[in-house]
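Down below is the structure, laid out as structure tokens.
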Amino acid sequence: MKFKYSARNKEGELQVGVVEAASYDAAASILNGHDLFVLSVINAEERSLADYISSFFNRVKSKDLVIFSRQLATLLEARVPLGDSLKNMYRQTENQILKEVIFDINADVSAGSSFSQALGRHPNVFSDFFINMIRAAEVTGRVDQSMSFMADYLEKQDTLTSKIKNALIYPAFVIGLFLLVVLVMVTFVFPQIKPIFEETGVALPIHTRIILGTGDFVLAWWWAILVIFIVAFIAIADYIRSDEGKGLVSDLSLRLPIIGGLFTKMYVTRFAQSASVLIAGGVSVVQAIRITARTIGNIVFEEELEKVANQVKEGELMSRALEKSPYFPLLVANLVAIGESTGKVDKLLEKISDFYTRQVDETAANLVELIQPILMVVIAVFVGILFASILMPIYNLAQAF
């Protein structure tokens, strides 16, 4: 069995790690035999239901990784050894999941693993891009600079993703609220009025009959609708997680009007940011493109970048390969060509990233401004239909008397 431990040596320094033993007492005996004062010993293999629930709500967010990268970069730049830096990060980190990950990384590093190898054992927390960036930095001896690069990169990615989400949250909230109001009206309000119309024999408009019929259907078959909805949701979610589903979603996200252009610019920005950081860190162009492809977040772009990487490997210039791609604007290929001619591809990719970041910001802002009036008009039309469905029969009823 594996046990996580924290202990202090004779000098009072804190040590954390993993020890294999048959029991708690055996683990404590091993640690005492190494002249360590044991503070805590925890079974590393046991996880209760509460632990799983806690892990769901305490997932490592991008902001947590930004803080981790920034603080670790600061400690490394101050010439604090990696082991001591990780111990300091362990004490300062509030997110329990990340805290456990740092604990494991420090234990692996103390056991002789490289930093990149230790990070690679936690693929759910650290992306391929993150791990490969650190691996390249270990070769060049610039881990501190790479961590600083990663902090900047993750911060930009987090800001970009937040802007996209914020642009879509408002319309999603308004539509959801409107659908809830419609559901309440159809299932609770209209059925209370229906008997009055039936008793008086007033002729009902077609839209009123449709809404009343929908309310009756929902009240009678709500359980079947709920079951169908749950089954459909599970089936769709399962399909989206499959390779075919991911490909379909990736393709649709690029083809949608207006939003497709926004996503395209976002993926171009990610490509330029990632490739710039990797090339600046000493990674070859082919490897940088391939690493970026795996972390860009879109199957279509991933496949396209794999084609670009293969063409570059065969001797093609990256600018020529990008120029042939239907997904990358001509501006990207032109600026990369300038970088190739001046030997500053990483700098030009950084400029591409800055340019398209501004483009994404403007498009997202315009999208919000465009969606709001459209939503107001659409919702006003539907609200008008709902009220007309009630008021017109009441008006006809008044005319009858």
Matching label for the computed P(r) over Cα pairs in 20 Å bins from 0, in percent, out of (i) 30, 61, 9, 0; (ii) 20, 40, 27, 11, 2; (iii) 27, 54, 19, 0, is (ii)
Ranking Arg358, Arg241 by Cβ neighbours within 10 Å, fewest first, what do you get? Arg241, Arg358
HN-Hα couplings for region 269-276 via Karplus (6.51, -1.76, 1.60; θ = phi - 60°), in whole Hz with x for Gly/Pro, come out as 4, 4, 4, 5, 4, 5, 5, 4
List, in order, the whole-Hz ³J(HN,Hα) value for each residue of region 110-120 obtained from phi through the Karplus relation with A = 6.51, B = -1.76, C = 1.60 and θ = phi - 60°; use x for Gly and Pro. 5, 7, x, 6, 6, 4, 5, 5, 5, 5, x
Excluding Leu252 itself, what net charge comes from residues whose Cβ is under 14 Å from its Cβ, given Lys and Arg +1 and Asp and Glu -1? 0
As I understand it, the dipole of the chain uses +1 on the Cβ of Lys and Arg and -1 on the Cβ of Asp and Glu, about the Cα centre. Which of Ala7, Ser389, Ala21 lies farthest toward its positive end? Ser389
Order of Met266, Met89 - criterion: other Cβ atoms within 10 Å of each residue's Cβ, fewest first: Met89, Met266
Just want the answer: with Cβ charges of +1 for Lys and Arg and -1 for Asp and Glu, which residue in Ala333, Ile211, Phe190 is farthest toward the dipole's positive end in region 159-401? Ala333
Taking a threshold of 26 Å on the Cα-Cα distance, which of the pairs Lys61/Lys344; Lys313/Lys351; Lys63/Lys313 fall above it? Lys61/Lys344; Lys63/Lys313
If I model a spin label as a point 7 Å beyond the Cα along the Cα-Cβ vector, how far apart are those points for Leu179 and Ile394 in nm? 2.8 nm
Below 19 Å, Cα to Cα, which aspartates and glutamates can Lys163 reach? Residues fewer than 8 away in the same chain don't count. Asp64, Asp152, Glu155, Asp354, Asp361, Glu362, Glu369
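Computed from the coordinates by the stated procedures, all read-outs in this text should not be read as laboratory data. The model shown is predicted, which means the values in this text are computed figures rather than measured ones. Every residue, glycine as well, gets a Cβ built from its backbone with ideal geometry; the counts of neighbours run over all protein chains shown.
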